[in-house]
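Undergrad: Got a structure here, written out as structure tokens. Questions coming.
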Amino acid sequence: MTGKRVKLIVSIAVLAAMIVFRVTEPAADTADMFSMIFAVIVVSGVLFRFPLTIYLPAMVFLILAGAGSVFLMYDKLPGWDRFVHYFSGIVLGAVGYTGMTYLLSWRRLPQDKVLLFLGAFVFTGMCAGAWEIGEFSADQLFGMEVQHGNVDTMGDIVCGFLGGLTFCAGMFIWQKISHGGRRRHYTEGKKKTAARRKGRSKSFNIWN
């Protein structure tokens, strides 16, 4: 099965899950359900060209956020909101990192690790701040009660930053382990090649 088909199936499954959440929870807000459906469509379109390793976690994030809004998990589990923001930081870090690799490739610039990690972290912080600005605007313009004070707002931003740091740290460790294995494999390969050449050289001398 191709990556595009997997993404399409996952998107449809997430949309269906949002509807199921609404049907099974009569107290859920229908407006929240339609907001999450709109979010799934937008995110699916934006990330459709990204690899599955980013697309699938993004869909998981939407399920978590949708369960919080539609299935009222924000009220049932006090730490749910913090976890969703933390997980969003991980996903946004991955998106920022991948986007920076595409940007550097497009500009034909070297894949500098400092720029890649900086891009991931800055993108995470920018999106975390933009999200809180959106919530603040919704409260002020439409009289909603999305934010619950300065501690709630800053706590969400901090959780997003921590998620971005988690991604950067995990990616850094994975690269160290992966590159170490490749370097070790490359070194062992060179030794085996040198040994084979040495063996051929000895046999040649013997036969002569």
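The values are calculated or read from the model by the stated rules, or taken from the named source; none is laboratory data. As the structure is a prediction and not an experimental result, all values here were calculated from the model. So basically every Cβ, Gly included, is an ideal-geometry build from the backbone, and we count neighbours across all protein chains shown.
Undergrad: Quick check, is F161 under 24 Å from A65 (Cα atoms), outside the structural domain of V43 (by TED's automatic domain parsing), touching a Ser or Thr at 6+ places or on another chain (Cβ under 7 Å) and at pLDDT 55 or above?
TA: yes
Undergrad: Answer yes if at least one residue in segment 89-103 is in the same structural domain as A120 (by TED's automatic domain parsing) and more than 15 Å from the chain's Cα centre (by Cα), and no otherwise.
TA: yes
Undergrad: Residues of segment 158-178 being touching a residue at least 40 places away in the same chain (Cβ under 8 Å) and surrounded by 14 or more Cβ atoms within 10 Å (Cβ to Cβ), which ones?
TA: Result: C159, G160, F161, L162, G163, G164, L165, T166, F167, C168, M171.
Undergrad: Taking segment 94-147 as the search range and keeping residues that are of a type in the set (D, E, K, R) and exposed (fewer than 11 other Cβ atoms within 10 Å of the Cβ), which one is nearest to G163 (Cα to Cα)?
TA: This residue is E145.
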